[in-house]
Amino acid sequence: METRFLKWAEILDFLILIGSSVTLVAWIFGVPLFYHADGPVLSIFTSISLLVIVSLRLATRHFQLWPFTANLAFLMIVGGGNISSILMLLSAPAVHINPKSTLVMTSISTSIGLIFFSFYEILLYLRRTPNRFWILDDILIHLALVPGGLSLIGHIFQNPNYLSMSIDPRVGISLLEMAFMALLALSTVLSNPNLFLWKFLKSGTANQLIFVGLFVNQYIAPIIYLVLMHDDWKSGDFGPELFIFFGGVIATLGFLLFQAKLEENNSLIRSGIN
């Protein structure tokens, strides 16, 4: 099963590689894909970040002489570049964002997701995913999807606060961007059999149903709330749906951490350690 999952992960990585290359070339030739002046657009910098991450994965798998230090260097560039982008947008958005420019900045939300992915990749190149209570690798992958979840609310209900920056509506997470990030997350999970999530899911159907319920609840609960309260909420404001969403995220991660601690305790008991 693990071999099959690794093949699927590699297929997804190739899809992301091809897709990000196409979007990058489209930007270079001045014809970005699915470009809308009044809505979120996949930035050229996002294309570069995605391209670098999956290229390093594929190079590491297929080239035995590929230098380990190159992975760390490029991932630090991706992570550092996105951190710099966030600082630029937070410190002086009016200076760094020009709605009339053909260059579109990567949104803060997208950068946060890419930083989590970069940090995860760096850790994975430095050591194997450890078998212990603090399931950092699982947490990083999960948190990388949070910005996309918030943007999903924006796309469904056309709430500009979740969609993009008011100064330039192009700076946000587009549907194409969400698809790329979802594929990257799926590939990341499939390619690492040492994640605690796999151990938990292999324990039985009940565990699988519980996790699916918790994971889906993160995205469904705020949507259901907004549907029920449609006449009472304003599309331009943040509301309880934001806290409902983060409550779901905390519930899912907290549950996995709790299960990881139980697994660690059981392992110690089986080993005869009190």
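The values are calculated or read from the model by the stated rules, or taken from the named source; none is laboratory data. All values reported here derive from a predicted model rather than from experimental measurement. All Cβ positions, glycine included, derive from the backbone under ideal geometry; neighbour counts span all protein chains shown.
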Practice problem: Residues being in contact (Cβ under 8 Å) with a residue 40 or more places away in the chain, under 21 Å from the mean Cα position of the chain (by Cα) and crowded, with 16+ Cβ neighbours inside 10 Å: count how many of those fall in the range 70-96. | Solution: 6
Self-check item: Tally, over the range 117-136, of residues that are buried (at least 22 other Cβ atoms within 10 Å of the Cβ) and of a type outside the set (Gly, Ala, Ser)
Solution: 4
Quiz prompt | Any pair with Cβ under 9 angstrom, 6 or more apart, that starts in the range 261-274 at a residue that is part of a loop (DSSP other than H, G, I, E, B) and ends at one that is at pLDDT below 80 | solution = Ile273/Ser267; Asn274/Leu268
Practice problem: Answer with yes or no whether Val22 is touching a Ser or Thr at 6+ places or on another chain (Cβ under 9 Å) and under 27 Å from Ile156 (Cα atoms). | Solution: yes
Exercise. Kindly indicate whether any position in the range 64-86 is under 26 Å from Ala37 (Cα atoms) and part of a loop (DSSP other than H, G, I, E, B).
Key: no
Exercise. Among the residues of the range 64-100, write down those that are within 15 Å of Ile115 (Cα to Cα) and among the hydroxyl-bearing types (Ser, Thr, Tyr).
Key: Ser84, Ser85
Practice problem: Residue by residue through the range 22-56, note down the ones that are among the small types (Gly, Ala, Ser) and more than 19 Å from the chain's Cα centre (by Cα). | Solution: Ala26, Gly30, Ala37, Gly39
Quiz item: Would you pick out the residues in the range 1-47 that are among the aliphatic types (A, V, I, L, M) and within 14 Å of Thr106 (Cα to Cα)?
Solution: Leu24, Val41, Leu42, Ile44
Self-check item: Residue check, Gly248 modelled with pLDDT of 85 or more, part of a helix (DSSP H, G or I), among the small types (Gly, Ala, Ser) and under 22 Å from Tyr162 (Cα atoms)
Solution: yes
Quiz item: Looking at Tyr162, is it at pLDDT below 85 and among the aromatic types (Phe, Trp, Tyr)?
Solution: yes
Quiz item: Taking the range 60-74, which residues are closer than 16 Å to Leu184 by Cβ, out of contact with any Leu (no Cβ under 7 Å at 6 or more places or on another chain) and not basic (Lys, Arg)?
Solution: Thr60
Quiz item: Of the conditions (1) of a type outside the set (Ser, Thr, Tyr); (2) within 25 Å of Ile141 (Cβ to Cβ); (3) modelled with pLDDT of 90 or more; (4) surrounded by 21 or more Cβ atoms within 10 Å (Cβ to Cβ), Pro40 fails just one. Which one is it?
Solution: (3)
Quiz item: Could you list, in sequence order, the residues of the range 119-133 that are within 11 Å of Asn192 (Cβ to Cβ) and outside any helix (DSSP H, G or I)?
Solution: Arg128, Thr129
Practice problem: Could you please find all residues in the range 154-189 being surrounded by 22 or more Cβ atoms within 10 Å (Cβ to Cβ), β-branched (Val, Ile, Thr) and outside any helix (DSSP H, G or I)? | Solution: Val171, Ile173
Practice problem: Please tell me if Pro32 is surrounded by 12 or more Cβ atoms within 10 Å (Cβ to Cβ), part of a loop (DSSP other than H, G, I, E, B), in contact with a strand residue (DSSP E or B) (Cβ under 8 Å, 6 or more places away or on another chain) and not aromatic (Phe, Trp, Tyr). | Solution: no
